[in-house]
């Protein structure tokens, strides 16, 4: 059988769409390992590892740039409609969220280096749990993207609420330490911003979950979404962490 | 003279592109007034005004949604290339940055309401200057978009560095107040996050400036950019505010 020229064009386009999706998955993998390293640098007070994370963020940025260029080229040359268009828009948006998750990871690493210059603050119990949870939901939402798994995407929202709750209790804990001993103040303010970064990572994972839903279902997820998660993803900062 | 059907299609498309640009400008105007109200609520300790800002953010989100829908529809139906494609991509990206500026403004308002529940902290000198500067560069970058003014866009980056410097000195000032009197700690941590929100508004204005450059020149701005501004826009958090 000989493929017609039309078939050939279609197959070439499919290959390009697949390449776009592969780039997104690759960016996601890199962001996951950046996050793992950032969290390890934080918990082990490892400034050398933190420096590696900061340097590695440029690779994430470059991959996002590649995704943008390929997506815009496909939009221009292939003039896609319906599901193909949705694939390209989803890749663009997910890449944007991944780039921001990478930024937050790099910022955790930057602040870790500053915190490491001060004597250790008493163990902040909620921090490793929060960091672990953030890593898990980033992994889950990337799996949901690869497998086009809507149920898994929806589960990400629910788990993001746990992160928000941990963030609230962590904030209170840090205020208490600052009040107990003013020498803790500088380190604790950086830990507050680190916690905030981790909480924002959860919000961006939630955004990606929403995009996966749109990609698979062809319509935005509004009603299926738990109430708390709507607030968390809709605002730059969820209201519950403002009230603490 | 009677326009051919081809002319008619072209003119209809131009009208749609204009409508897209108008939506972006309208969103920008709304974000400007939200910011002005948020900053006023902060400086006058006006919780009623802050509540208005928080409620008003939904309008910004709805406008961004409108822009996204129109942009995706134009991509699908009109299959634009070259400059037209760039217009649509630019509108999409600017809308995203405006939506985030709106979020940060709403968050300033949320935290203002919390800060207002505590007794007033001593005047923080850098805060109103920083807030004023952030409002100015948002206005400037929107003017640059309307007038396709590259010089004005580039000036926005330079001014964003001033915001970063004010942010650094404000952070130090707040740490000092917390050390002087532990009763200031809770209010000061919220003021720190407010300052951080304002600093991030500057970063997003810088992003928009970069998009205006790309829109007008057809290539990304890399070399023309001052060094400090590259760091500020490239990272979630500019390095200078991490080192304080």
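Just so it is clear, none of the values below were taken in a lab; they were calculated from the coordinates. Values in this document were obtained by computation on a predicted structure and should not be read as measured data. As a convention, Cβ positions derive from the backbone with ideal geometry for all residues, glycine included, and neighbour counts pool all protein chains shown.
Remarks
- Residue exposure sequence - A:160, B:103 - by fewest surrounding Cβ within 10 Å: B:103, A:160
- Remark: the Cα gyration tensor places segment B:57-166 in the oblate category, a/c being 1.5 or greater and a/b not exceeding b/c.
- 7 Å along Cα→Cβ, label-point gaps from residue B:13 to other copies, nm, shortest first: 1.7
- Stokes-Einstein, applied to the Kirkwood radius of segment A:32-72 over Cα pairs at a viscosity of 1.306 mPa s and 10 °C, places its translational diffusion at 143 µm² s⁻¹.
- Computed as a quarter of the hull surface, the mean projected area of the alpha carbon convex hull for chain A stands at 14.5 nm².
- Take residue B:51, move 7 Å from Cα toward the beta carbon, and the resulting point lies 5.3 nm from the same point in each other copy, nearest first.
- Chain B residue nearest the axis that carries B onto A, by Cβ, with distance in whole Å, is B:79, 2.
- Seen against the Cα atoms of chain A and their longest principal axis, helix A:126-147 is set at about 0 degrees.
- Between segment B:106-164 and segment B:171-193, the alpha-carbon centres lie 21 Å apart.
- Pairs of Cα atoms nearer than 8 Å and 6+ residues apart set the relative contact order; for chain A it is 23 percent.
- Cα coordinate range in the protein assembly as shown, projected on the principal axes (Å, largest first): 76, 53, 45
- Relative contact order, percent, segment B:56-173 [alpha-carbon distance under 8 Å, six or more residues apart]: 23 percent
- Rounded to the nearest 500, the helix-only mean residue ellipticity at 222 nm of chain B stands at -29500 deg cm²/dmol, with each DSSP H run of n ≥ 4 adding -39,500 (n - 2.57).
- With the Kirkwood sum run over all distinct C-alpha pairs, segment A:108-162 has a hydrodynamic radius of 13.2 Å.
- For chain A, the longest principal axis of the Cα atoms and the long axis of helix A:150-180 meet at an angle of about 20 degrees.
- Seen from a random direction on average, the alpha-carbon convex hull of segment A:1-107 projects onto 7.9 square nanometres.
- Label spacing, shortest first and in nm, from residue B:120 to its equivalents in the remaining copies (7 angstrom along Cα→Cβ): 4.4
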